[in-house]
Amino acid sequence: MSSPPPTLSLPSNAVAGLYVRPGPESEAALAALINDANANSLDSVLDSIIYHFILSAFAQPTKIDSLIDFLASVASRITPSLSHPGNPEEKYMSTPLRPSTGPNTLSERLSHTLYRRLWELTSRAVTPDEDYDKTLPKKYYIDAYVISTILARAFATQPVYFRDSLWREVEDVIVKALFSGPEQEPGVFVALSALLLGAGSEVREYLGAERGKRGQGKAWLWYDDVRTQKDAEWGWEDIIEALLEAPEEELSTNLPDYVEATLALAKVHVGHGDGEIPSWDSDKLAQEAFDWL
């Protein structure tokens, strides 16, 4: 189950105030904190900015689009020469923090944070248990909705460098929801619904012939946290085909009715995968897809 972000030391208090009235002055102030940070303080500054971004998204889920725009504007003000070496260490339930420079320093930190938060909501960590699944609280599904809406709308609305940073998380949700058998974590279907409704058109475009991009990996094994078919490839057409059978019957009975209803809405939205698939903004997602909050 998702837990709140950890308590952070200064400059967290200073950062919190800059989210109260997001605008050009706040953007400049946050970017200045990043640009002026030294090697010892940069991680704390970046973590604090993302921490308060996520808190703001939970407080105002209908405003997630504008919050993402605000964060992207902060990123655009980061000095191109600023860099972060990353952290290559890969642990269970986590993923490497990739090296980054300039604006990508902030988009990479968002990506890394979303991966960690989504892992708790979309990935089995215990032996699948019907009784356990049926007792998951509504807060668990709300957490999955907010975090995956951030992912979907950032992927849909932001520049290529943001989208490239976030593909790792998008791919992970799709692999676990559609290409890994019938023992999925229930929250993955909330994340999948948010992606299809909030960024379906952009996912299709990203996997299109023009980019030559393919999704990679199938058969994620929950107790080893690995994709056992790591070289398997898939595209948009495979997503649509797999979506027809999701969720499989043995898991479907464990999902709340409201989660099933949202997934059914996402299926209707993408249809056969062709034609117009207008991506819903955060306000429409909250009002029409996740109105069970």
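Sorted by packing (mean other beta-carbon atoms within 10 Å per residue), highest first, where do 173-183, 105-115, 227-237 land? Each step should come with its number before you reach the end.
Numbers: 173-183: 20.6, 105-115: 23.5, 227-237: 14.6.
Ranking, from highest mean packing down: 105-115, 173-183, 227-237.
In a GNM of the chain with a 10 Å cut-off on Cα contacts, which of A264, A57, A191 has the highest mean-square fluctuation?
Result for the chain, Cα springs under 10 Å: A264 fluctuates most.
Measuring from centroid to centroid over Cα atoms, what is the spacing of segment 148-199 and segment 114-133 in Å?
Cα centroid of segment 148-199 versus Cα centroid of segment 114-133: 15 Å apart.
Along the charge dipole of segment 174-286, pointing to its positive end and built from +1/-1 on Cβ of Lys, Arg, Asp and Glu, which listed residue (F189, Q229, A264) has its Cα farthest out?
Positive-most Cα among the choices belongs to Q229.
How far apart, in nm, are two points set 7 Å out from the Cα along the Cα-to-Cβ line at V268 and at Q229?
It is 3.1 nm.
Name the residues whose placed amide hydrogens come within less than 5 Å of the amide hydrogen of L221, ignoring near sequence neighbours (fewer than 5 apart) on the same chain.
Counting only residues 5 or more places away or on other chains, the set is V226, R227, T228.
What does the charge count around S26 come to, taking other residues whose C-beta lies under 13 Å from its C-beta (Lys +1, Arg +1, Asp -1, Glu -1)? Please list the in-between numbers first.
Values: positive: R21, R77; negative: E25, E27, D69.
Once positives and negatives cancel, what remains is -1.
Given K138/K218; K63/K284; K176/K267, which pairs have Cα atoms separated by over 20 Å?
Values: K138/K218 29 Å; K63/K284 10 Å; K176/K267 17 Å.
In this structure, K138/K218 exceed 20 Å between Cα atoms.
Regarding segment 12-289, what whole-number volume in Å³ per residue does the convex hull of its Cα atoms give? It would help to have the intermediate numbers written out before the result.
Details: hull volume 36.3 nm³, N = 278.
Cα-based convex hull of segment 12-289, divided per residue, equals 130 Å³.
Name the long-range amide H neighbours of N87: under 5 Å, sequence gap of 5 or more, or other chain; modelled H, no Pro or chain starts.
Under 5 Å from the amide H of N87: L97, R98.
Would you work out the charge dipole size for segment 240-287 about its Cα centre, treating the Cβ of every Lys and Arg as +1 and the Cβ of every Asp and Glu as -1, and quote it to the nearest 20 debye? If you can, show how the numbers build up before the last one.
Details: 2 positive and 11 negative charges, 41 e Å.
Roughly 200 debye for segment 240-287.
Starting at the first residue of segment 178-188, write each ³J(HN,Hα) from the Karplus equation 6.51 cos²θ - 1.76 cosθ + 1.60 with θ = phi - 60°, in whole Hz, x for Gly and Pro.
So the Karplus estimates, Gly and Pro as x, are 10, 10, 9, x, x, 10, 5, 5, x, x, 5 Hz.
Give the relative contact order (percent, whole number) for segment 12-289; include only Cα pairs under 8 Å separated by 6+ residues. Write out the running numbers ahead of the final one.
Numbers: 394 pairs, mean separation 49.6, N = 278.
Relative contact order, segment 12-289: 18 percent.
Whole-Hz Karplus ³J(HN,Hα) for segment 99-104, in order, using 6.51 cos²θ - 1.76 cosθ + 1.60 and θ = phi - 60°, x for Gly and Pro?
Per-residue couplings from phi come out as x, 8, 9, x, x, 5 Hz.
Please list 3J(HN,Hα) in residue order for segment 71-79, calculated via the Karplus relation 6.51 cos²θ - 1.76 cosθ + 1.60 where θ = phi - 60°; whole Hz, with x for glycine and proline.
Coupling constants for segment 71-79: 5, 5, 5, 4, 4, 5, 8, 6, 4 Hz.
Specify which residue in the list N104, P137, A39 is farthest towards the positive end of the charge dipole of segment 12-289, using unit charges on the beta carbon of Lys, Arg (+1) and Asp, Glu (-1), about the Cα centre.
The residue sitting farthest along the positive end of the dipole is A39.
Considering amide H positions built from the backbone, and no H for Pro or chain starts, which residues 5 or more places from A232, or on another chain, come under 5 Å of its amide H?
Long-range HN contacts for A232: G217, K218.
If the only charges are +1 at each Lys and Arg Cβ and -1 at each Asp and Glu Cβ, what is the size of the charge dipole of the chain around the Cα centre, to the nearest 20 debye? Before the final figure, lay out each step's value.
On the way: 25 positive and 44 negative charges, 200 e Å.
Result for the chain is approximately 960 debye, rounded to the nearest 20.
Read-outs: derived from the displayed coordinates by stated rules, not from any lab. Here the structure is a predicted model, which means the values were calculated and not measured. Because the Cβ atoms are built from the backbone with ideal geometry, glycine has one as well, and the counts that use them run over all protein chains shown.
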